[in-house]
C-alpha cells in the first residue's frame, strides 16, 4: 500500500495523481468491459479514452440492468451505490484534469511570471494547488479504483444470478 503522506514534494505528489488516475481509469474500463460482456449495451461501444463518457454510459447500462433484475438481492441499493461511485469518479476525474492539465486552463493574458507552478482553474482564485491536496486526490483515486473493482464483482454476481433465474423460468 503506498504512503500518501505529504512530504512537500509537489512533483512526487503529481506523479501519484497521474498514476492513481490511470489505475482508476483501468478499473473503470474493466468494469465497463465486464458489463458489456454480460449485458446488451444496445450496440453502444464506450470510448475508452473518455472517462466521463464511459462512466455515464456505464451508469445507463447498469440502470437498465438493475431495473430488469427482480431477484431477492440488492439491485436498487447496489445501483444507487454504483451511481454514487460513478459520480465520485467524475468529480475526481475533473480534479485530476485540473491539476494535470492546468496550463490549458491558464488565461492567455496572464504574465509568464504568474504561470509558475500549477494554477487552479476556478473563479474564486484559490491560488496554487499544494502537494497535500495532490496526495489527498491520489488517496481518493486509489479508493475509487478499489471500489470500482468491488462493484464489478457484485455486478457479475447479480448478472450470474439473473441468468440462472431466467434459465429456470424458461
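The values are calculated or read from the model by the stated rules, or taken from the named source; none is laboratory data. Predicted model only: the values in this text are computed from it and were never measured. Note that each Cβ is placed from the backbone with ideal geometry, even for glycine, and that neighbours are counted across all protein chains shown.
Selection of the stretch 7-18 for residues being in a helix (DSSP H, G or I) and in contact (Cβ under 8 Å) with a residue 24 or more places away in the chain yields 10, 12, 13, 14, 16, 17, 18.
Residues in the stretch 42-69 that are modelled with pLDDT under 80 and under 16 Å from residue 163 (Cβ atoms): 66, 68, 69. Got at least one residue in the stretch 131-150 being on the phi < 0 side of the Ramachandran plot, in contact with a strand residue (DSSP E or B) (Cβ under 9 Å, 6 or more places away or on another chain), at pLDDT below 90 and surrounded by 15 or more Cβ atoms within 10 Å (Cβ to Cβ)? The answer is no, given that none of the residues of the stretch 131-150 is on the phi < 0 side of the Ramachandran plot, in contact with a strand residue (DSSP E or B) (Cβ under 9 Å, 6 or more places away or on another chain), at pLDDT below 90 and surrounded by 15 or more Cβ atoms within 10 Å (Cβ to Cβ).
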